[in-house]
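Report on one structure; see the data block that follows.
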Amino acid sequence: MSSITQAKAEAQKLIKRYNQLQAEAKNANAIEARHKAAEADKLVSQISALQLAITRLQAKDREINKKVAPKKAVISEKIEQQTNKEKSKVIDRIHHLEEAQNKTQAQIEQLTRARGELNRLKQQANKHAATIVKERRANDEKLQQELAKLIKKKEVEQSTLKKELLSVKQQAQKDAELLKVQRDAARAMMERQKNLEQEQASAPHSHKKLLIITSVVAMLALFLGIMIASMFTKSSAPETQAGNNNVKQNKNITRKTNKKRIIKAMEVYQDQLKEIPVGPLMIKLPSGVFKMGSKLPYSDERPQHEVKLDKFSISKYEVTFEEYDWFAGATGRQLPDDNNWGRGKRPVINISWYSAVAYTEWLSVQTGYTYRLPSEREWEYAASANSETTYWWGYKLEKNYANCAICASEWDGRQTAPVGSFKENGFGLHDVIGNVMEWTISCFRPNYQNAPETGNRWKWKKGKCLKRIVRSSSYKSYERELRTTKRNKFSPNEVNSKIGFRVVRED
């Protein structure tokens, strides 16, 4: 509220009070009248002073209005301009947001269409993949049928060839018998000729002519017999060559490695399986006596002692991925990981003791023979191959004799090598040092105390077997671990890239 308004209000109050006093003064006595009159005069003076103040304030207000009005107009204009600017900014912002909203909506619609197209493409891809799988299955079935027909055809051809070979052999035998008869007849005719020459030395010319004819017939019979014998020799030549190859192979396997005791591998063979053509390549070892354990101060490999074993067969190579994958496919087992090194002829790895045992049990069912993991005494007997040195080839670690951390092979310390990549030992076994360690059927014992002198297995009789013996060394092993007497212990659930196995067949 302004000062002028306040002054006017005060003046109104005073005027109202003055009127009241005048009314009261009429009715009061003289003294009170004088008193009231004095108060009235006083009020008149105050009212006059207030009116004068009001007049002054109004004049001042007019002057102020004259000065402030232009400024107010400028300020108002500025405020209006500023308001217009802010309004323009807000409108621009609203337009910008509306454009962004429209763009976002367009993008959402575009993404929605893209998602629909992606779903459609996925459905088409799934249908296409299903079609491809179906076609592949059809092709596989067709290929299997063609292979079955081809195998059957080859089997028929083989049967025919066998029959022809048997027929040729029988004919050759008949021809040989005929040749013998003809030879005997020729000899008899020649003998008779001699007798005729002696008895008819002075016979007429006709007798000499008959003698000449007889001689020609005998020579023809002899020539015919030679031709038949030559044909028989050619037909039997491939069998003779195959026999010579087997003899050479057996000679390589049965070479001597120890001058004191000459023990030779007896033969190499493969058992036929029901579901695949052949099983692991096996080497039959004879019964024998060998020194088990080490002369060196390795407490778990002592005391060194003699062990007498019965004959048995052991696989020439460590079991490969190719062989194990056949078993896994036939029994519905998961394929073990190959660490991206390759499968095929590499030794199978990442296999627990239980999986290795399951493979041997499957082999037993497939072949009708008893397959199992080797005992550690069977393993050491086969690995040492009559030698009593640190390595089966001697006391010095030779280069490229095995796959280990320091064996100078192309696989050293990095990965496994395909089986058979290095020289075989005296029994014809490969990779008994390096490449992968190998599970055995034996339970872990801390040493050889009270070990039996005879028997292929030292059987466990003390409750649960918590650890299994793993023999030899791996592609990561250093010199201290590479001896054929090296023993390791692992839980039967252990799975890693350094452990594989080979198998034994009981004879």
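Brief remarks on what is shown
- Hits in the range 452-466 - residues which are crowded, with 16+ Cβ neighbours inside 10 Å and out of contact with any helix residue (DSSP H, G or I) (no Cβ under 6 Å at 6 or more places or on another chain): R457, W458
- Of A356, A385, A405, all but one fail to be within 19 Å of D431 (Cβ to Cβ) and in contact with an Asp or Glu (Cβ under 8 Å, 6 or more places away or on another chain); the exception is A405.
- Selection status of G426, closer than 19 Å to S313 by Cα, touching a Phe, Trp or Tyr at 6+ places or on another chain (Cβ under 9 Å) and either at pLDDT below 95 or hydroxyl-bearing (S, T, Y) (or both): yes
- Identity of the residue in the range 489-506, among the basic types (K, R) and touching a helix residue (DSSP H, G or I) at 6+ places or on another chain (Cβ under 9 Å), that ends up nearest to L309 (Cα to Cα): R505
- When I75, I54, I91 are screened for being surrounded by fewer than 12 Cβ atoms within 10 Å (Cβ to Cβ), modelled with pLDDT of 75 or more and of a type in the set (V, I, T), only I91 passes.
- The residue that is nearest to G329 (Cα to Cα), counting only those in the range 276-311 that are in contact with an Asp or Glu (Cβ under 6 Å, 6 or more places away or on another chain) and small (G, A, S), is G279.
- Of the residues making up the range 114-134, not a single one is in a helix (DSSP H, G or I) and touching a residue at least 24 places away in the same chain (Cβ under 8 Å).
- Options V307, V319, V348; residue that is of a type in the set (V, I, T) and closer than 18 Å to S387 by Cβ: V307
- Sole residue being free of Cβ contacts under 8 Å to residues at least 12 places away in the same chain and not charged (D, E, K, R), chosen from A417, A408: A408
- Check on G413, over 22 Å from N488 (Cα atoms) and not hydrophobic (A, V, I, L, M, F, W, C): no
- Elements of type strands (runs of 3 or more DSSP E) contained in the range 268-364, each with 3 or more residues being surrounded by fewer than 19 Cβ atoms within 10 Å (Cβ to Cβ): 278-285, 288-292, 305-309
The values are calculated or read from the model by the stated rules, or taken from the named source; none is laboratory data. Please read all numbers here as calculations on a predicted model, not as lab measurements. Here Cβ is always computed from backbone atoms with ideal geometry, including for glycine, and neighbour counts include all displayed protein chains.
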